[in-house]
Amino acid sequence: MYSHAPPTLDVQVPVMATRDDHVKVTGTASDGEKLLDVQIFVGSRKLYYKSNRDGADAKKAAFEFDAPLRPGVNFIVVIARETPDTTSRRVVVVRRDGAD
């Protein structure tokens, strides 16, 4: 029986296409055992890291991040880790359009 599951991730991004140079990424990460940390990448750049080692709740963490967008397609990857080997990830694609 499989009794060990990776963290659950709930990620919200208000738009999938925008003319703004940033977008707000919010959400929660939780795990039945413990939550180690949350990381957010925009493309290949790690721009957000939140350790949960001294968090108020060892099994849950909320996050809010203003992700910078480059023109064109942007891949925003949110990763929650229980251990270095037990992770969950969600990928959100946001397109930044030009002024015209």
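The values are calculated or read from the model by the stated rules, or taken from the named source; none is laboratory data. None of the values given here were measured: they were computed from a predicted structure. Here the Cβ is made from the backbone with ideal geometry for all residues, glycine too, and neighbour counts use every protein chain on show. We work out accessible area using only protein heavy atoms, side chains counted, and drop any ligands, DNA or RNA first. Shrake-Rupley method; radii C 1.70, N 1.55, O 1.52, S 1.80 Å.
A few remarks follow.
- Candidates Ala61, Ala56 - the one that is of a type in the set (Gly, Ala, Ser), open to solvent by 50 Å² or more (accessible area, probe 1.4 Å) and without any contact (Cβ under 8 Å) to a residue 40 or more places away in the chain: Ala56
- Count of the range 1-45 residues which are of a type in the set (Lys, Arg), part of a strand (DSSP E or B) and surrounded by 12 or more Cβ atoms within 10 Å (Cβ to Cβ): 1
- Scanning the range 60-92 for residues that are polar (S, T, N, Q) and either in contact with a Leu (Cβ under 8 Å, 6 or more places away or on another chain) or under 26 Å from Ala17 (Cβ atoms) (or both) turns up Asn74, Thr83, Ser88.
- Of all residues in the range 67-90, none satisfies being over 22 Å from Pro6 (Cβ atoms), among the polar types (S, T, N, Q) and open to solvent by 30 Å² or more (accessible area, probe 1.4 Å).
- Residue within the range 77-94 that is part of a loop (DSSP other than H, G, I, E, B) and on the phi > 0 side of the Ramachandran plot present: no
- If you go through the range 80-96 and keep only what is in contact (Cβ under 8 Å) with a residue 60 or more places away in the chain and under 20 Å from Gln12 (Cα atoms), you end up with Ala80, Arg81, Thr87, Ser88, Arg89, Arg90, Val92, Val93, Val94, Arg95, Arg96.
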